[in-house]
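Before any comments, here is the structure.
The values are calculated or read from the model by the stated rules, or taken from the named source; none is laboratory data. All values reported here derive from a predicted model rather than from experimental measurement. Glycine also receives a Cβ, built like all others from the backbone with ideal geometry; neighbour counts cover every protein chain displayed. Note: accessible area is taken over every heavy atom of the protein model, side chains too, but ligands, DNA and RNA are not part of it. Shrake-Rupley method; radii C 1.70, N 1.55, O 1.52, S 1.80 Å.
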Amino acid sequence: NAGVMQNPRHLVRRRGQEARLRCSPMKGHSHVYWYRQLPEEGLKFMVYLQKENIIDESGMPKERFSAEFPKEGPSILRIQQVVRGDSAAYFCASSPDDWPGNIFGSGTRLTVV
Amino acid sequence: SQQGEEDPQALSIQEGENATMNCSYKTSINNLQWYRQNSGRGLVHLILIRSNEREKHSGRLRVTLDTSKKSSSLLITASRAADTASYFCATRPTGGGNKLTFGTGTQLKVEL
């Protein structure tokens, strides 16, 4: 079991470009979460998805950010027209139906230049 | 201030000593979890304590939960240099679905 896989590990984008972050949950996990971590801070919840459904997006910025978890393939966090303030580490986590903890991926470190 | 605040922000101890970290939160919770994060890495789940539990052990870890004070503590006994990391508490609110609310973390440094 490969765990939660995120790619890329590091992503550099110029201001105004789009960033696409991918997350494959652990095998057997149907719940996916995205969190953002700014330097020297804790993680902030962004969005919670199950297959083909957004369950809770209360932590997502209203504009430029979107997430999906299609029937086939990884979950995608998409940031359009990136700005310097989007620079952060983005972590994906997954959980099974019968356990409330989160298993985390290694994160994608986004740098906007 | 946010749900889940750890105290102290930073802690430096000698190898072999015990390390105690505290966490306070604001809302009713279903459970509270502790995670470890090594520099530049993802988070590793350490231990989960449910709202109807008061104490839990796992190896060198001991967690307590006081729901009346909305606080928890993590004790690491006989610390090792490899325990050097940031430690975060995370709460799963009652009726809040499966998302976790993280505190700002305690940076633990264990010196030889």
Using Cα centres only, tell me the gap between the range B:82-110 and the range B:9-69 in whole Å.
-> 7
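Take peptides A:28-41, B:41-54 and line them up by average Cβ neighbours within 10 Å, highest first, as a rough protection proxy.
On the way: A:28-41: 18.4, B:41-54: 16.2.
The most tightly packed comes first, giving A:28-41, B:41-54.
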Post the alpha-carbon centroid distance, the range A:15-87 to the range A:99-113, in whole angstrom.
-> 9
Leaving out ligands, DNA and RNA, what percent of the accessible area of the protein assembly as shown is carbon and sulfur, probe 1.4 Å?
-> 45
Could you go through the range B:68-82 in sequence order and give the Karplus-derived ³J(HN,Hα) for each residue, using 6.51 cos²θ - 1.76 cosθ + 1.60 with θ = phi - 60°, rounded to whole Hz, and x for Gly and Pro?
-> 6, 9, 6, 8, 9, 9, 10, 10, 10, 8, 6, 4, 10, 4, 5
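Between chains A and B, what is the buried accessible area summed over both chains (1.4 Å probe, protein heavy atoms, nearest 100 Å²)? Numbers along the way, then the final one.
Working: alone 6550 and 6060 Å², together 11010 Å².
The summed interface area works out to 1600 Å².
Could you size up the charge dipole of chain B around its Cα centre, putting +1 on the beta carbon of Lys and Arg and -1 on that of Asp and Glu, and report it in debye to the nearest 20? Can you show the working numbers first?
Details: 14 positive and 10 negative charges, 86 e Å.
With Lys and Arg at +1 and Asp and Glu at -1, about 420 debye.
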Which one of B:S24, A:H10, B:L74 is farthest out on the positive end of the charge dipole of the protein assembly as shown, using unit charges on Cβ (Lys, Arg +1; Asp, Glu -1) and the Cα centre as origin?
-> A:H10
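Need one value for B:42-55: mean number of C-beta atoms belonging to other chains within 10 Å of its residues' C-beta atoms. Mind showing how you got there, number by number?
On the way: counts 13, 12, 2, 7, 1, 1, 3, 0, 1, 0, 0, 0, 0, 0.
Mean shielding count: 3.
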Averaged over peptide A:86-96, how many Cβ atoms belonging to another chain are found within 10 Å of each residue's Cβ?
-> 2
Relative to the Cα centre, what is the charge dipole magnitude of chain A, using +1 at the beta carbon of each Lys and Arg, -1 at the beta carbon of each Asp and Glu, and rounding to the nearest 20 debye?
-> 580
Mind grabbing the base-10 log of I(q)/I(0) for chain A at q = 0.12, 0.14, 0.16 Å⁻¹? Debye formula, identical points on the C-alpha positions, no solvent, two decimal places.
-> -0.37, -0.51, -0.67
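How large is Rg over Rh for the range B:15-80, taking Rg from the Cα atoms and Rh as the Kirkwood inverse mean of 1/r across Cα pairs?
Details: Rg = 12.4 Å, Rh = 12.6 Å.
Value, to two decimals: 0.98.
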Just the projected area, averaged over all directions, of the convex hull on the alpha carbon atoms of chain B: how many nm²?
-> 6.6
With the convex hull built on the alpha-carbon atoms of the range A:58-113, volume per residue in Å³ sits at 117
